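Only one structure is covered here, and it is reproduced in the block below.
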Amino acid sequence: MLDESKYFLVKKKAVPEVLLKVVEAKKLLESNKNLTIQEVAEKVGISRSSYYKYKDDIFQLQENAKGRVITFVVELDDEPGLCSIVLNLIAKYHANIITIHQSIPVNGVALLTLSVNILPTTGDISLMIQEIEGSQGVHYLKILARE
């Protein structure tokens with residue numbers, strides 16, 4: 001039976017070339033805001049569609065992730081206490097919430113956007129994300145940015 005892990009840590013040599021090129025493209029975009037996606041994709045040798053397909057799914061692991069900020073959005077049911085559960089999970093892992101915004105619920109669903117500071121005392125971030133995603137009433141969690 002397969003493990004239900006959503007995140008894996010693999011060595012660079014095991015990562016398909018297209019994914020490594022997406023990471024390279026993301027770095028180029030960060031370093032030069034004047035470049036377009038098309039220009040960056042051509043420079044690294046991938047299609048624009050490959051960039052868009054994988055850009056939200058691959059991040060370079062930073063050995064010095066502590067002290068960094070992760071911004072993510074959580075889609076959750078509009079139920080009393082559910083936002084509090086998410087916030088308590090973040091506190092459980094000793095991360096520090098910098099900003100928080102909850103949208104007005106539409107059709108019983110709200111979006112919660114959080115920027116979280118990863119501290120030297122913060123526990124395993126992937127486990128924290130897995131716990132949030134696994135909470136009843138949470139539809140999904142998507143990492144928007146890492147600074």
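The values are calculated or read from the model by the stated rules, or taken from the named source; none is laboratory data. Everything quoted here is computed from the prediction, not taken from an experiment. Note that we place each Cβ from the backbone using ideal geometry, even for glycine, and neighbour counts take in every protein chain shown. To get the accessible areas, we keep the full protein, side chains included, count just its heavy atoms, and leave off ligands, DNA and RNA. Shrake-Rupley method; radii C 1.70, N 1.55, O 1.52, S 1.80 Å.
Segment 34-147 holds helices (runs of 4 or more DSSP H) entirely within its bounds, and those carrying 2 or more residues that are open to solvent by 80 Å² or more (accessible area, probe 1.4 Å) map to 37-44, 48-54, 82-92. Restricted to segment 1-22, and to residues there that are hydrophobic (A, V, I, L, M, F, W, C) and at pLDDT 90 or above, the residue that is surrounded by the most Cβ atoms within 10 Å (Cβ to Cβ) is Val22. Selection over segment 8-33 of residues that are within 17 Å of Ala145 (Cα to Cα) and part of a helix (DSSP H, G or I) gives a count of 10.
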